[in-house]
Amino acid sequence: MLVRDPGCTVLLRVGGVSMQGAGIGDGDLLVVDCGLEPRPGQVVVARLGDGFTVKRLVRWRGGLALAAAHPAYPLLPLPADGDHQLLGVARCVIRRC
């Protein structure tokens, strides 16, 4: 029920509180579908330089950006020529008990 395509699905343990306002907390598991094309409004996993992040993909100034669901975290614009990659779409959250 949680996995649409096993060959394109990964489980990712979340670290941090930047998506707390979206119901994704520190230590939760995300079911991530890497076979889906990320669209604005969806929670995505992205590679930024040498790191990874989970944020909501949003339209911003004619392009795209990554937005946290916590007010303490800034918007992360995604320049067309930047060192980033959208890796997958979060499909489900499994809460840490």
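No lab work stands behind these numbers, since they all come straight from the coordinates. The structure displayed is predicted, hence computed values, not measured ones. Because the Cβ atoms are built from the backbone with ideal geometry, glycine has one as well, and the counts that use them run over all protein chains shown.
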Let me see the pair-distance distribution of the chain: every alpha carbon pair, 5 Å bin width, integer percents in order.
-> 3, 14, 24, 26, 20, 10, 4, 0, 0
From the backbone phi of the range 27-33, what are the Karplus-calculated ³J(HN,Hα) couplings (6.51 cos²θ - 1.76 cosθ + 1.60, θ = phi - 60°) in whole Hz, Gly and Pro given as x?
-> x, 5, 9, 10, 8, 10, 9
In the chain, the trypsin sites (Lys or Arg not before Pro) that sit in a DSSP loop and have at most 10 other Cβ atoms within 10 Å of their own Cβ are 61, 95
For the range 9-20, 3J(HN,Hα) per residue [Karplus equation, 6.51 cos²θ - 1.76 cosθ + 1.60, θ = phi - 60°, Hz, x = Gly/Pro] | 10, 10, 9, 10, 7, 7, x, x, 10, 5, 10, 4
